[in-house]
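This report refers to the structure that appears directly beneath it.
The values are calculated or read from the model by the stated rules, or taken from the named source; none is laboratory data. Given the structure is predicted, the values throughout are model-derived calculations rather than measurements. Every residue, glycine as well, gets a Cβ built from its backbone with ideal geometry; the counts of neighbours run over all protein chains shown. Side chains included, ligands, DNA and RNA excluded: accessible areas come from the protein's heavy atoms. Shrake-Rupley method; radii C 1.70, N 1.55, O 1.52, S 1.80 Å.
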Amino acid sequence: MRLALFDLDNTLLGGDSDHAWGDYLCERGILDPVAYKQRNDSFYQDYLNGTLDLQAYLAFSMEILAATPMARLDEWHRDFMRDCIEPIVLPKALALLQQHREAGDQLVIITATNRFVTAPIARRLGVRVLLATECEVRDGRYTGRSTDIPCFREGKVTRLERWMLENGFDLEDSYFYSDSMNDLPLLQRVTHAVAVDPAPDLRAEADKRGWPVISLRD
């Protein structure tokens, strides 16, 4: 079975779910709407610039998970899905997923954003396999720390290789759709790399390498 791999934020979604989660918490007064938002925006700009200190960002973004009971987090996330994610679900992205489904491909979302934020989104998109940055849980609560290899840059390749070994897949005739230059390590490994509404640096790379460039937002 052929693999069809998809980045999530700004690829299948018309926005960034991780950044939107921080904005949601600020807009509802759960976190400081000035100080937290300023740091959240700064980390997001670092991500766009390719200079993100991932461990610093994970510690920052997961702190609220450790401070909040699971039931309350799940309640917030249901509201977040309704108010923030549903408006940025792209009809063309749903159609692309369905196209690969009908072709008999194995769909995989592979994202740097943590599993707490992204698991309900993957379910909404009808994709059962999600490789994401993992959140540590102990005694029924998040600890505020990540576990395993973060699913970011070369980490996406490492996590995918392990998943393929465990599940009997390879990259023959594989597809990967992404908007970000951070995904270059994996884009270079697949058979069919596709730039989706790419950032300028990835668009330039795609043009240089002859990769197709598509939009799911038109």
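General remarks:
- Residue in the stretch 165-174 that is hydroxyl-bearing (Ser, Thr, Tyr), in contact with an Asp or Glu (Cβ under 8 Å, 6 or more places away or on another chain), within 22 Å of Leu96 (Cβ to Cβ) and modelled with pLDDT of 95 or more present: no
- Residue match in the stretch 38-45 (condition: surrounded by fewer than 20 Cβ atoms within 10 Å (Cβ to Cβ) and under 30 Å from Ser174 (Cα atoms)): yes
- In the stretch 8-30, the qualifying residues are those that are in contact with a Lys or Arg (Cβ under 8 Å, 6 or more places away or on another chain) and within 19 Å of Ser42 (Cβ to Cβ), and the one that is surrounded by the fewest Cβ atoms within 10 Å (Cβ to Cβ) is Cys26.
- Whenever a residue of the stretch 47-62 is under 17 Å from Ala132 (Cβ atoms), its partners that are not polar (S, T, N, Q), lying with C-beta atoms within less than 6 angstrom and at least six residues away or across chains, give the pairs Leu52/Asp46; Leu54/Pro150; Leu54/Phe152; Tyr57/Phe43; Met62/Gly144.
- Some residue of the stretch 121-129 being open to solvent by less than 40 Å² (accessible area, probe 1.4 Å), farther than 21 Å from Gly14 by Cα and out of contact with any strand residue (DSSP E or B) (no Cβ under 7 Å at 6 or more places or on another chain): no
- Residue tally, condition of a type outside the set (A, V, I, L, M) and closer than 21 Å to Ala4 by Cα, over the stretch 71-102: 7
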